[in-house]
Structure formats: structure tokens, C-alpha cells
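First up is the structure itself, then whatever we jot down about it.
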Amino acid sequence: MVVMVTPLCLLYWLLISTWWLMVSTSGMVWIPLTHSLSKTQFTTPHHLLKTTSTRSATRFRQHHHHRHKQVSVPLSPGSDYTLSFTLGSPSSSTISLYLDTGSDLVWLPCSPFECILCESKTPPLSPPLNLSSSATAVPCKSSACSAAHSSLHSSDLCAIARCPLDSIEMSECNSFPCPPFYYAYGDGSLIGRLYKDSLTLPNSLSVQNFTFGCSHTTLGEPVGVAGFGFGRLSLPAQLSSVSPQLGNRFSYCLVSHSFDSNRVRRPSPLILGRYEDKENQFGNELVEFVYTDMLSNPKHPYFYSVGLEGISVGKRNIPAPENLKRVDRRGSGGMVVDSGTTFTMLPASLYDSVVTEFDHRVSRFYKRANTVEESTGLSPCYFYNKVVAAKVPAIKLHFAGNRSSVVLPRKNYFYGFVDGSDGGRKKRNVGCLMLMNGGDEEELSGGPGATLGNYQQQGFEVVYDLEKRKVGFARRKCSSLWDSLKN
């Protein structure tokens, strides 16, 4: 028997072979993350810190009070990390979205687009998407539709889509699109529909039939989100369905910036896939990861939760409350490692103990800046003439597991700037602790006990190993890592 191979089939086979060769030989792809910090957004450092601290608190507390399917609040202006890719074929559009490890859906504004109450918000990072001719609506019978509707049964969804009863019984509702979904945010919301189209990453890696949400109307949310959390609609999960080698592990390395826009001109690398993380993999930099296990959260399955055993301030170890070491059946407890919250949020009991010990050590040398604390939302803050490293105690996070402690660089938790809040008559140096009070344990019931914010993750490569269910941390020179990846 002679098998005829048409030119079209041969071309298809060559394209697939080339794509798999690239994946199997490299084992990873990398994408530049762009920091959206802009000096024009804020009039003073106080304004920037107040806005960012308020948004961090809102995002954190929204996890504990919701009526609808909960996804995380998009990042606040001043500390946003974005990635870009193209959608559509043959005509394609470049889309820029916020990276968010705390949500499980990729959604974006679509034309025509209306954002209600968005006058004071960050403008869209890219024009609203015009759906390409290759985009198709996700049918009501699909598992993707069910995932977007909090696992509502497909028969119910098809009934909502007005598929006739006999068609529902015969599973013949493919021509009926998935009904619109509603997502509630900390200070906004959106209605969207699910579509499929081809997604192409910056390195020309293409994913066919990529599912995304298309929103024509939002409330207070002008920018879309690339969800990297657990869940079948997240970007890693969809990538894993095409190449498990790429989708089962990702990491990012956030360039240290201290809110200085001049320091964030170089991209922060987002790495999809696995690479050898031993020493000297990239250049001569010694790399040593510490890992801690992920905790399952039955109520918020898209979170990357870990156990926190305690926090050291100087030489004193302050034990964490029991709810930070595990997650219970109601979804309470644990610490979420989150790219979308700026500042680390701690339960009141642990926060108060950390602040008491920190203030005990620092207030002997520096005067409290009470007016600055009121205007920034951060505490404690201190006036100083010159910071001496020995007078600002070291802070170390002790995660669950053997030797899983992470020492934070001082610039990751103590931010210094020039205060001119007295009308400019006298300017003084001031420094603030960049940790926040998340509330009492009773207030935190039903949600995370704490959040590790992206400000505290600067200068670390943070690895999310979805196959082994571990999160890893390693001190890195992130800008050098990006250069090494390109070369």
C-alpha cells in the first residue's frame, strides 16, 4: 500500500517537528516582564506609597469577603509587572497584560470597550482587542466554560445558553456559546465571554486553541490580566496541555527597583519551563535555591500557598501563629506567594510582634516619623540623617521545611526617601518598614493568613514547580540573568 503525503501534510509535520525540537532541546522559553512604574502617576513619594499600600490591603482583604467566584485584584499602579504576546491568525494583535499568580484566567479588553469609573485608573496598556477571523466562541458544553463559571455543570450552562432540551440530552450543543461570566474584584468587576484563538509568545512559540476571556465592559478595571495561578484556564495550565515540559514549572526574577523608574528600564525575566538551577548555569553566579512545599487550598485552589513558621528580626525568632503553617478545610491560613500584591501582608498578631521588636531596635537611634506614617499608610517610619545597616535589623522568613529560610535584603523591607511634607521648608530623610497589618485572625477567616508581596520578592528568582508542588527562592542578579538568557 502506498501512502500519499500531500504538501500541506508535509508542511504541517515539519512545523510540528520544528516546534517540538525547539521545546525538547531548550526545555524553556523566556519572556520579558515590564515594570509599569511611571513618575507621572504620582505627585510625591507619599502619594505613591499611600496608593500602593491601600491597594495591597484591598487586594488582600478581598480574598476573605466575596459572594462570587473570586479572582485576585489586579496590580496597583506603581508596582505592575506586565507581559506581552500576540493573539490571532493570520491577522494578529499584540496584547499587554498584568502578570498575576493569584488568579487563574487570562482576560483582556475587547473592542468596543467601555470601562466604567476608570478616569483615575491606569490607561490600557494596549488597544482593546479586535477579535481576529480565527477566533471562535467556546461552546457551553466545554470544560473551559464550566471552569469559568465556578464548575457549574455544562448542562446548566447550555440551558442558560438556550440550547434545546433534546440537544442537551444528546450532547449536541456545540453551536451554542458559553454564557457570559462575571468576575468580582476588590474595587471593580467585569463581564466577559470565552473565546479560543492562537496565542504566540515573544519567542514565536505558538499555542493553538488558547482560551481567554474577552470583556467589553468592566467596572474600574481598564487593564487585562494574565492569570498564572492553579486552574485549567491559567496560562501555564494551557501551555502544559501542549508541552508539559514548559507548563509544569515557571519562575520570574524581579529586578530590584525601590520605586526608582530608572532602575526598571531593563526587563525582569519570566521563565517558562525547566532549566538546570545548579551553580554556574548562567555565568559565574552562585545560585542556591531553598524550597518549601505548596499547601492545597480547597476554597481558593488557584493560590500558591506555603507554610510560614516564623520571622526573625535580628537574632530574635518570632513564631508565626498556627494558621500560617497550614490551610484548613474552609480555606483559611497559609501564606500566598503573590506577584500581584505589592507589600507583604501579615496577620495582626505576627505583625505587631515584628513591629514591636523592630521598633525596639531602631527607635534607640532614630525618631518616629508619625506624620509620614499617616500619609503613606506604612508603619513604623523614622527620620534619619544617615542609615547605618547595623541599626536596621535583618529580617528572615522561615518557611515550612528543612532549612527553608530566606533572608530579605534590607532594601526589600526598609524604604528610604526624602520627606518634604512640611511644605518644603525642611526636607528630611525618612525610612519606612514595608510590611503591613492584614487584620485579626477572625477577620482573615476563609482566606489566606498572609501574603508575600512582590516588593519583598525583588532580587530573587522565585520558582513555581507545579509538578513537585514546591516554591523555591534564590538570590539573583535579575538583570544579569536576563542578559545570560539572551546570550
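The values are calculated or read from the model by the stated rules, or taken from the named source; none is laboratory data. All figures in this text were calculated on a predicted structure; none of them were measured in a lab. Cβ atoms come from the backbone with ideal geometry, glycine included; neighbour counts cover every protein chain shown. These area figures cover heavy atoms from the full protein model, side chains too; ligands, DNA and RNA do not enter into them. Shrake-Rupley method; radii C 1.70, N 1.55, O 1.52, S 1.80 Å.
Of all residues being of a type in the set (Gly, Ala, Ser) and assigned to a strand (DSSP E or B) in the stretch 454-477, which is nearest to Pro236 (Cα to Cα)? Just the residue, please.
If we take residues in the stretch 454-477 being of a type in the set (Gly, Ala, Ser) and assigned to a strand (DSSP E or B), then Gly472 is nearest to Pro236 (Cα to Cα).
Any idea which of Arg330, Arg364, Arg316, Arg326 is over 20 Å from Gln457 (Cβ atoms) and modelled with pLDDT of 95 or more?
Testing whether each residue is over 20 Å from Gln457 (Cβ atoms) and modelled with pLDDT of 95 or more leaves just Arg316.
Return the residues of the stretch 99-123 that are open to solvent by 10 Å² or more (accessible area, probe 1.4 Å) and either more than 24 Å from Leu254 (Cα to Cα) or modelled with pLDDT of 90 or more (or both); say none if nothing qualifies.
Pro109, Ser111, Pro112, Phe113, Glu114, Cys115, Ile116, Leu117, Cys118, Glu119, Ser120
I want to confirm something. Restricting to the stretch 389-411 and keeping residues that are assigned to a loop (DSSP other than H, G, I, E, B) and either among the aromatic types (Phe, Trp, Tyr) or open to solvent by 60 Å² or more (accessible area, probe 1.4 Å) (or both), which single residue is nearest to Thr51 (Cα to Cα)?
Arg403
In this structure, does Val430 turn out to be open to solvent by less than 20 Å² (accessible area, probe 1.4 Å), outside any strand (DSSP E or B) and assigned by the TED database to the domain that holds Lys315?
No; evaluated as a whole, the condition is false for this residue.
Can you name the condition, by its number, that Gly331 falls short on among (1) at positive phi; (2) open to solvent by 10 Å² or more (accessible area, probe 1.4 Å)?
Tallying (1) at positive phi; (2) open to solvent by 10 Å² or more (accessible area, probe 1.4 Å), Gly331 fails exactly one: (2).
Identify all residues within the stretch 402-417 that are in contact with a strand residue (DSSP E or B) (Cβ under 6 Å, 6 or more places away or on another chain) and within 27 Å of Lys470 (Cβ to Cβ); write none if there are none.
Listed by number, the residues that qualify are Ser404, Ser405, Val406, Val407, Leu408, Tyr413.
Could you please find all residues in the stretch 118-162 being polar (S, T, N, Q), out of contact with any helix residue (DSSP H, G or I) (no Cβ under 7 Å at 6 or more places or on another chain) and not in a loop (DSSP other than H, G, I, E, B)?
Residues satisfying the conditions are Thr136, Ser143.
In the stretch 345-360, how many residues are in contact (Cβ under 8 Å) with a residue 60 or more places away in the chain and either open to solvent by 30 Å² or more (accessible area, probe 1.4 Å) or in a helix (DSSP H, G or I) (or both)?
8
What about Phe259, is it in contact with a Leu (Cβ under 7 Å, 6 or more places away or on another chain), touching a residue at least 40 places away in the same chain (Cβ under 8 Å) and in a loop (DSSP other than H, G, I, E, B)?
yes
Could you please tell me which pairs satisfy a Cβ distance under 7 Å, a separation of 6+ or placement on different chains, a first residue in the stretch 48-62 that is over 15 Å from Ala184 (Cβ atoms) and assigned to a helix (DSSP H, G or I), and a second residue that is at pLDDT 70 or above and open to solvent by 30 Å² or more (accessible area, probe 1.4 Å)?
Leu49/Gly377; Lys50/Ser375; Lys50/Gly377; Ser53/Gly377; Thr54/Gly377
Output the residues belonging to the stretch 305-323 that are open to solvent by less than 20 Å² (accessible area, probe 1.4 Å) and under 18 Å from Pro393 (Cα atoms).
Within the stretch 305-323, Gly310, Ile311, Ser312, Val313, Ile318 meet the criteria.
Checking Thr451 against (1) under 18 Å from the mean Cα position of the chain (by Cα); (2) in a loop (DSSP other than H, G, I, E, B); (3) closer than 30 Å to Arg368 by Cα, only one condition comes out false. Which one?
For Thr451, the exception is condition (2).
Is at least one residue of the stretch 168-190 in the same structural domain as Leu131 (by the TED database), out of contact with any strand residue (DSSP E or B) (no Cβ under 8 Å at 6 or more places or on another chain), within 20 Å of Ile31 (Cα to Cα) and not β-branched (Val, Ile, Thr)?
Among the residues of the stretch 168-190, not one is in the same structural domain as Leu131 (by the TED database), out of contact with any strand residue (DSSP E or B) (no Cβ under 8 Å at 6 or more places or on another chain), within 20 Å of Ile31 (Cα to Cα) and not β-branched (Val, Ile, Thr), which makes the answer no.
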